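Nothing in this text is a laboratory measurement; each read-out follows from the coordinates by a stated rule. Small disclaimer: the values here were computed from a predicted structure and weren't measured. Note: ideal-geometry Cβ built from the backbone for every residue, glycine included; neighbour counts use all protein chains shown.
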């Protein structure tokens with residue numbers, strides 16, 4: 001009988017074909033018209049879990065998008081139980097006309113050993129690694145080194161509201177010794193990192209309203225505080241010229257960095273700056289001058305204008321309108337110990353302070369997630385670090401990532417287990433952007449790393 | 001034989017039905033995909049002119065949208081020749097879902113003696129008055145009091161570039177004693193006004209670009225000057241808290257108002273403020289405190305943000321993106337003696353001054369029109385004033401309007417004739433906005449006023 005490693009090598013093409021089927025389901029969670037696709041993706045996962053040998057697989061309905069739970073507990077009570085989390089929802093594909101590597105963001109194509117499609121790396125490709133490693137063990141040894149529970153949600157891109165309720169109501173079902181998430185990345189294939197911190201997120205929508213209808217600028221211009229102008233004036237007060245956020249109290253609960261942490265960030269920044277020049281290529285870097293780029297992304301909070309809209313915007317077109325309303329999407333990445341509810345209140349107080357009585361405004365919270373820092377002294381994290389080192393040839397650097405995975409905090413606090421982030425993304429994966437891709441080299445190395453991780457974990461905690 | 005007045009009364013329903021046919025052609029000039037409709041509208045006008053008795057009617061091709069010219073010169077050399085100008089192009093109908101009085105902005109409906117549709121008042125309904133008065137005379141007397149030339153363009157909403165070239169090349173064809181335009185309004189049916197000034201217009205598009213692609217805010221947030229934020233920061237520097245425009249040199253060539261003009265504006269402002277509360281209903285009035293509302297609209301320049309866009313803006317949706325670009329539509333209403341080219345340069349210098357090197361920007365001029373003030377001491381303007389008084393019961397107030405009709409300056413300077421603005425719009429006509437309408441009462445009074453005007457002009461200059 002072949003080994004799991006042999007099985008993985010022999011079946012790589014079949015794995016990729018299956019992953020492409022999964023990716024073809026346009027499971028976009030953030031807009032309402034993909035509800036059926038969400039259900040389809042959940043059922044696809046459930047069916048796949050049963051097919052590879054999980055003994056139980058179920059789709060749970062929620063208030064919004066379904067949750068998939070599956071388990072195989074055949075390793076026995078003496079072996080650890082691992083809960084693997086992933087999300088089958090993806091970001092919207094727009095602007096669709098900016099994709100250059102595929103005709104359709106949901107019709108994957110392979111170019112230069114990279115798989116291009118929405119969801120390729122975030123998170124369909126990454127969660128798929130665990131399914132294939134399980135399959136490889138089952139097909140070759142008839143067993144798996146640890147007890148495995150799988151939890152896949154469809155609202156990660158929406159801050160996981162349904163999942164939190166589900167965890168609250170299913171603490172026994174989800175009970176485990178360690179939680180594993182493959183939804184992060186590393187600065188380069190030469191530099192594995194062990195993510196131990198994730199930023200939180202506050203996502204808001206600001207609406208400004210003035211005249212009760214759109215107006216002709218020739219007839220009313222000069223007598224109306226134009227909402228498109230007013231929203232710009234409000235948004236423009238939120239940063240100073242150095243990129244500091246000017247909302248009173250915003251930085252109050254931001255923890256200082258230790259010298260050790262700053263040293264790690266210093267090493268990260270060298271690679272980050274190089275990669276920034278290649279991927280971003282804006283005229284100049286921007287942001288708080290007291291912190292280096294890796295610190296600004298990993299350990300400092302941000303306030304971003306994810307969108308702004310008002311009036312007539314058709315390119316090259318003209319309309320002399322004063323719009324009656326304008327909208328901005330404003331989100332904050334938060335770090336320990338910032339609380340999203342408090343930041344929301346501070347943001348409202350700021351807008352109230354800077355906005356004149358000539359217009360009306362409303363700030364709505366769309367979602368929130370608290371920041372999290374993981375204790376790095378757990379055996380599972382050491383095992384993960386060793387697995388990275390064995391496959392990538394280097395001991396990983398401990399790092400905090402700029403993104404947010406809302407459920408990490410929940411696993412830490414509700415399930416009371418260490419959370420291991422075994423991620424295989426790369427900086428040029430174009431997450432949330434056109435031409436999202438997953439390096440197939442990283443897919444292969446991910447399969448090997450994850451296999452080693454389960455094997456070693458089984459021994460260390462057996 | 002009946003009189004022209006009787007004919008108009010007897011045929012009102014037929015006139016409205018014809019006007020509705022004209023309005024049903026969606027002749028939107030400002031976006032490229034209505035080119036065929038533009039040609040259709042021009043041909044409709046040409047055919048209609050021939051049907052009502054014009055002896056010549058022709059569609060002239062231009063670089064963009066066609067121009068219609070028609071004439072009837074049967075009054076003879078001893079009678080004045082009047083050139084009537086109108087435009088058959090209309091503004092875009094969006095936001096279409098904000099129209100409440102019609103299902104389709106190009107399918108007119110009559111409610112409460114008002115005709116609702118895009119173009120009802122601006123300018124299809126108003127130019128149609130001249131056609132119907134001509135028809136009434138021809139059908140009842142076989143003749144018309146003056147020689148009539150008609151000039152209809154399709155680029156008024158785009159600042160009339162093709163028309164200027166056409167006038168330059170057809171000075172003999174267009175030679176006349178007076179030009180007449182029905183494309184303005186009055187504060188209320190009780191207060192006819194004689195418009196003698198129109199603001200100019202500079203329409204620009206500002207594009208801000210930063211990263212070479214859309215980015216994930218978790219991965220790059222804090223290191224990139226976000227274009228959606230940057231465009232807001234630029235736009236926010238253009239006014240001070242009192243509504244003054246802060247672009248250096250912007251007010252340099254703005255003429256001071258005479259005491260007499262300010263007295264006229266004072267009377268206008270009382271009505272304007274009342275109508276503002278009804279039509280605009282924003283929380284508070286806004287603008288330069290040293291000037292009253294009518295002055296701010298009629299005699300002061302403005303700078304408006306007609307549109308702003310960047311990133312993800314789907315209502316209630318979330319996307320944690322840093323967009324790679326953002327766009328704003330910025331237009332200025334100009335007054336004498338501001339020059340649009342100079343203002344464009346000042347605007348560029350301002351943006352250069354306030355924009356940091358962390359992003360790139362470009363300001364493009366989309367169109368321009370110089371402001372104009374008409375000499376009010378011409379006999380034709382006196383005749384027009386008398387016609388208003390006869391039908392509306394009051395001598396009109398001399399007024400400057402906030403809108404822009406680019407061709408007025410051209411008639412004044414290239415044809416060297418007085419320009420009479422015989423307008424019948426009302427402030428609640430929703431120009432350039434959803435639920436545009438034309439009051440049928442104003443249509444009827446317009447027909448009477450225009451008939452009296454031609455009749456009296458024939459006598460005064462015969």
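Here are a few things to note about the model shown:
- Descending principal axes extents, segment B:418-461, alpha-carbon based, whole Å: 42, 23, 10
- Structure-based [θ]222 nm, chain A - -39500 (n - 2.57) summed over DSSP H runs of at least 4, per residue, nearest 500: -10500 deg cm²/dmol
- Take residue A:5, move 7 Å from Cα toward the beta carbon, and the resulting point lies 10.6 nm from the same point in each other copy, nearest first.
- Percent RCO, i.e. relative contact order, over chain B, from Cα pairs under 8 Å lying at least 6 residues apart: 25 percent
- According to the calculation over all Cα-Cα pairs in chain B, the P(r) per 10 Å bin from zero is 4, 19, 29, 26, 14, 6, 2, 0, 0 %.
- Overall dimensions of segment A:344-462, expressed as equivalent-ellipsoid semi-axes from the Cα gyration tensor (√(5λ), whole Å, largest first), are 40, 20, 11.
- Take the Kirkwood radius over Cα pairs of the protein assembly as shown, plug it into Stokes-Einstein at 10 °C and 1.306 mPa s, and you get 51 µm²/s for translational diffusion.
- Take residue B:242, push a point 7 Å out from Cα through the beta-carbon direction, and compare it with the same point in every other copy: 3.3 nm, smallest first.
- Largest first and in whole Å, the equivalent-ellipsoid semi-axes of segment B:179-267 read 44, 18, 13, each the square root of five times a Cα gyration tensor eigenvalue.
- For segment B:91-169, the fraction of C-alpha pairs farther apart than 17 angstrom is 63 percent.
- Rg and Dmax over the alpha-carbon atoms of segment B:94-135 stand at 11.9, 38 Å.
- Fully extending the segment from residue B:40 to residue B:2, taken as 0.36 nm per residue of separation minus the present Cα-Cα distance, adds 10.3 nm.
- Rg ratio (alpha-carbon, reference 2.2 N^0.38 Å) - segment B:7-62: 1.31
- Principal-axis tilt of helix B:35-51 within chain B, Cα atoms, nearest 10 degrees: 10 degrees
- For segment A:386-443, alpha-carbon Rg over 2.2 N^0.38 Å: 1.37
- When each of A:99, B:286 is scored by the number of other beta-carbon atoms lying within 10 Å, the sequence from fewest to most is A:99, B:286.
- Between residue A:171 and residue A:349, the C-beta separation translates, for a Förster distance of 30 Å, into a calculated FRET efficiency of about 0.20.
- Cα Rg over Rh - segment A:7-148, Kirkwood: 1.00
- Each label point was placed 7 Å from the Cα along the Cα-to-Cβ direction; for residue B:290 and residue B:113 their separation is 4.5 nm.
- Once both labels are positioned 7 Å from their Cα atoms along Cα-to-Cβ, the gap between residue B:47 and residue A:73 label points is 8.0 nm.
- Between helix B:440-460 and chain B there is an angle of about 60 degrees, using the helix long axis and the longest principal axis of the Cα atoms.
- For segment A:140-204, the Stokes-Einstein estimate of translational diffusion at 25 °C and a viscosity of 0.890 mPa s comes to 161 µm²/s, using the Kirkwood hydrodynamic radius over alpha-carbon pairs.
- Least to most buried among A:139, A:46 (fewest other Cβ within 10 Å first): A:139, A:46
- With R₀ fixed at 30 Å, the C-beta to C-beta distance from residue A:191 to residue A:96 puts the FRET efficiency at about 0.35.
- Three principal axis lengths of segment B:253-403 [C-alpha, angstrom, descending]: 63, 37, 28
- Residue B:33 versus residue B:240: modelled label distance in nm, points set 7 Å from Cα along the beta carbon direction: 4.5 nm
- A:160, B:143, A:258, A:458 arranged by Cβ crowding within 10 Å, fewest neighbours leading: A:258, B:143, A:458, A:160
- With q set to 0.13, 0.17 Å⁻¹, the log10 of I(q)/I(0) for segment A:164-318, from the Debye formula over equal scatterers at the Cα positions, is -0.91, -1.17.
- Taking segment A:282-438 and dividing mean pair separation by its residue count, relative contact order in percent (alpha carbons under 8 Å, at least six apart): 19 percent
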